[in-house]
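Before any comments, here is the structure.
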């Protein structure tokens, strides 16, 4: 199992090298934004994977609350932590893209505001985990908070369709040039692989920590 | 136990920030920007209020006046438009036909005075055709 995950990590890192080449060299620039549009190839995959990870944390939370099996608590902790890292990465990338295109680092439009709420919610739940010493209480409280906090995640995705915002809406399928779409989908695969690797490592750490806590 | 205090401080900070966002920013801005038609329909009520105006830069309306840039923002349907004067330096993406959001207020003279100019870009990405140089195209579009 441990060796398998090392392979997953190695595939992820090799894929990332290829993905960087894909985004910077293979894919064409955009006629309106030029090379600035290339940040798309990391921004969109990271956004998708961040939302998927927080959804994994949400499902694990429900499974902990209904089944009371420890593995769901480990998975919730692992997926939430990697999801928060992706969420922070997402906002930093977005800011870097926003400054030269929108003319600002940040705007309180519906998309950016809901993402800020999403990241802060899960940072808060990680902090909550850190200060509850009793493992069962910690698992139950953080699972309950995650179920409530997750409600915002679909809103993050849909708000640009529902509300006026500075952020653009989703690019419709079929409008993207094949070379652009290939890189976008490949990089989504790579970010997913890297996150699977990190979540697996983090899951092992959570399991070890909990075993130690139970022994004390 | 030693981990508790910083963690509690983080939770308190997060709750405060979420509360601030929830009550302040989001509450006031359920509509992120007004369209030109909505601003005009509001009549005297809109005068002097700090609002955002969003729309497209009308073709042929952009000119410089001293340190300011003056242009018209029109609806997507091209039915209504508002004259905007901004002290902001237009960013690289600013051009005729592109989406903009300007922050400021409508004066009694019907001119929207703005200090902040944001440029929207759309969700369609198009590669240059064979033989086209993107850098040159962007320079040409700015001129």
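Please treat every number below as a calculation from the coordinates, not as lab data. None of these values were measured; they are calculated from a predicted model. So basically every Cβ, Gly included, is an ideal-geometry build from the backbone, and we count neighbours across all protein chains shown.
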Next item on the list: Mind giving me the FRET efficiency for residue B:68 and residue A:14? R0 is 51 Å, r the Cβ-Cβ distance, nearest 0.05 is fine.
Entry: 0.45
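First check a/c for the range A:2-215, with a ≥ b ≥ c the square roots of the eigenvalues of its C-alpha gyration tensor; if it is under 1.5, answer rounded, and if not, answer prolate when a/b is larger than b/c or oblate otherwise.
On the way: a/c = 2.53, a/b = 1.53, b/c = 1.65.
Oblate is the answer for the range A:2-215, as a/c is 1.5 or above yet b/c matches or exceeds a/b.
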Item checked: Pair-distance profile P(r), taking every C-alpha pair of the range A:114-176, with 5 angstrom steps and integer % -> 4, 16, 20, 16, 13, 10, 8, 7, 4, 1, 0
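Which percent, to the nearest 5, of DSSP beta bridges fully inside the protein assembly as shown are antiparallel? Before the final figure, lay out each step's value.
On the way: 25 of 31 bridges.
For the protein assembly as shown, the DSSP antiparallel bridge percentage is about 80.
Quick one: compute the contact order of the range A:2-215, relative version, from alpha carbon pairs under 8 angstrom and 6+ residues apart, as a percent.
Values: 233 pairs, mean separation 75.5, N = 214.
Relative contact order comes out at 35 percent.
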Check: Taking neighbour counts of Cβ atoms within 10 Å as a proxy for exposure, in what order, fewest first, do A:71, B:63, A:111, A:164 appear?
Finding: B:63, A:71, A:164, A:111
Next item on the list: Would you order A:97, A:4 from fewest to most other beta-carbon atoms within 10 Å of each residue's own beta-carbon?
Entry: A:4, A:97
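What FRET efficiency do you get for residue A:66 and residue B:111 if R0 is 51 Å and r is their Cβ-Cβ distance, rounded to the nearest 0.05? Could you put the intermediate results ahead of the total?
Numbers: r = 61 Å, r/R0 = 1.20.
The pair residue A:66/residue B:111 has a calculated efficiency of 0.25.
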Note to self: Can you tell me the orientation of helix A:2-21 relative to chain A, as the angle in degrees between its alpha-carbon axis and the longest Cα principal axis, to the nearest 10?
What the structure shows: 20 degrees
Notebook entry, point to check: What ranking do A:125, B:89, A:88 get, fewest neighbouring Cβ atoms within 10 angstrom at the top?
Noted result: B:89, A:88, A:125
Item checked: Average beta carbon contacts from partner chains per residue of B:91-100, 10 Å cutoff -> 3
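Can you tell me the equivalent ellipsoid semi-axes for the protein assembly as shown? Use √(5λ) from the Cα gyration tensor, largest first, whole Å. Walk me through the numbers before you get to the answer.
Details: eigenvalues 372, 148, 42 Å².
Equivalent ellipsoid of the protein assembly as shown: 43, 27, 14 Å, largest first.
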Check: Does anyone have the angle between helix A:40-67 and the longest principal axis of chain A? Alpha-carbon axes, 0 to 90°, nearest 10?
Finding: 20 degrees
Next item on the list: Could you tell me how many degrees, from 0 to 90 and to the nearest 10, lie between the Cα long axis of helix A:70-102 and the main elongation axis, the longest principal axis, of the Cα atoms of chain A?
Entry: 20 degrees
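Is the shape of the range A:3-94 best called rounded, prolate or oblate, per the rule: a/c under 1.5 gives rounded, else a/b larger than b/c gives prolate, else oblate, with a ≥ b ≥ c the square roots of the Cα gyration tensor eigenvalues? Let's see the in-between values first.
On the way: a/c = 3.93, a/b = 1.91, b/c = 2.05.
Oblate, since a/c reaches 1.5 and b/c is not below a/b.
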Check: How would you classify the range B:41-99 from its alpha-carbon gyration tensor, with a ≥ b ≥ c the square roots of the eigenvalues: rounded for a/c under 1.5, else prolate if a/b is greater than b/c, otherwise oblate?
Finding: oblate
Next item on the list: Just need the relative contact order of the range A:48-114 here, percent rounded to a whole number, with Cα pairs under 8 Å and 6+ apart.
Entry: 28 percent
Next item on the list: Provide a whole-number value for the mean count of partner chain Cβ atoms within 10 Å of the Cβ atoms in peptide A:171-181.
Entry: 2
Next item on the list: Per residue of A:20-29, count partner chain C-beta atoms within 10 Å of its C-beta, then hand back the mean as an integer.
Entry: 2
